[in-house]
1. Restricting to the stretch 42-61, name every residue that is of a type in the set (A, V, I, L, M) and more than 18 Å from Ala152 (Cβ to Cβ).
2. Cβ-Cβ under 7 Å, sequence separation 6+ or interchain: first residue in the stretch 42-55 and closer than 25 Å to Gly177 by Cα, partner at pLDDT below 95. Which pairs?
3. Name the residues in the stretch 80-102 that are open to solvent by 50 Å² or more (accessible area, probe 1.4 Å) and either touching a residue at least 24 places away in the same chain (Cβ under 8 Å) or of a type in the set (Phe, Trp, Tyr) (or both), would you?
4. Is the stretch 112-133 home to any residue that is in a strand (DSSP E or B), touching a Gly at 6+ places or on another chain (Cβ under 8 Å) and crowded, with 16+ Cβ neighbours inside 10 Å?
5. If we scan the stretch 51-69, do we find a residue that is in contact with a helix residue (DSSP H, G or I) (Cβ under 7 Å, 6 or more places away or on another chain) and among the aliphatic types (A, V, I, L, M)?
6. Given the conditions (1) outside any strand (DSSP E or B); (2) at pLDDT below 95; (3) under 24 Å from Lys108 (Cβ atoms), report the number of the one that Thr30 does not fulfil.
Amino acid sequence: MKTKVLSIGLVAIIMAAAFTILRKEVKVDTNSSQIAWVGEKVTGQHNGTVNIKEGALEVENGQVTGGSFVIDMNSIDVLDLEGEYKDKLMGHLRSDDFFSVESHPTAKFVITSIEKSEATDATHFLAGDLTIKGITNKITFPANITVKDGKATAKASFALDRTKWEIRYGSGSFFDGLGDKMIYDDFKLSVNLSSL
């Protein structure tokens, strides 16, 4: 009788294990992950990068189901300028006219949902909460997400309206008579994430 009970218990454990969802959290590789940005104005554009400080992706049964990452706003870099002009623009981007880095040294993105996409240029649609300067807005964008050999990667390119985060400097939506000093509200981001 004891053997029979043990056998039934063993079968139940094996069955439960077979149907258990394989869920894990994988850390973002901050050395190989990065965000590239492009800001445009009437007379041209500037581009650069900003680093990811830390983050993790939730993987369930071989699919990314969630995650979050923190952006180091102090790492804002300008790639199309050098010397004094580069330093001047980086200082301006870190000032209260733009990202208020001294009082808000990090930004954060938290994934709230991931849906598979039928589009040819994206595997998924991501929705999440993006916090910049202490202001949180929901954003949605297409992305290419893969999980292979336990390693997750995510790539996405999209535009954001900076004024939703109270970044209004040089915006034609809020100031008249800017002429060729106007800076467009949308800035472009290209995100490249990979896990350890």
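The values are calculated or read from the model by the stated rules, or taken from the named source; none is laboratory data. Owing to the predicted nature of the structure, the values given are computational and were not obtained by experimental measurement. Heads up, the Cβs are rebuilt from the backbone with ideal geometry, glycines too, and the neighbour counts pull from every protein chain shown. Surface areas here come from the heavy atoms of the whole protein model, side chains and all, with no ligands, DNA or RNA. Shrake-Rupley method; radii C 1.70, N 1.55, O 1.52, S 1.80 Å.
1. Val42, Val50
2. From the stretch 42-55, the pairs are Val42/Asp180; Thr43/Asp180.
3. Asp80, Tyr85, Asp97
4. Yes, there is a match, as at least one residue in the stretch 112-133 is in a strand (DSSP E or B), touching a Gly at 6+ places or on another chain (Cβ under 8 Å) and crowded, with 16+ Cβ neighbours inside 10 Å.
5. So far as the stretch 51-69 goes, no, none of its residues is in contact with a helix residue (DSSP H, G or I) (Cβ under 7 Å, 6 or more places away or on another chain) and among the aliphatic types (A, V, I, L, M).
6. Unmet condition: (2).
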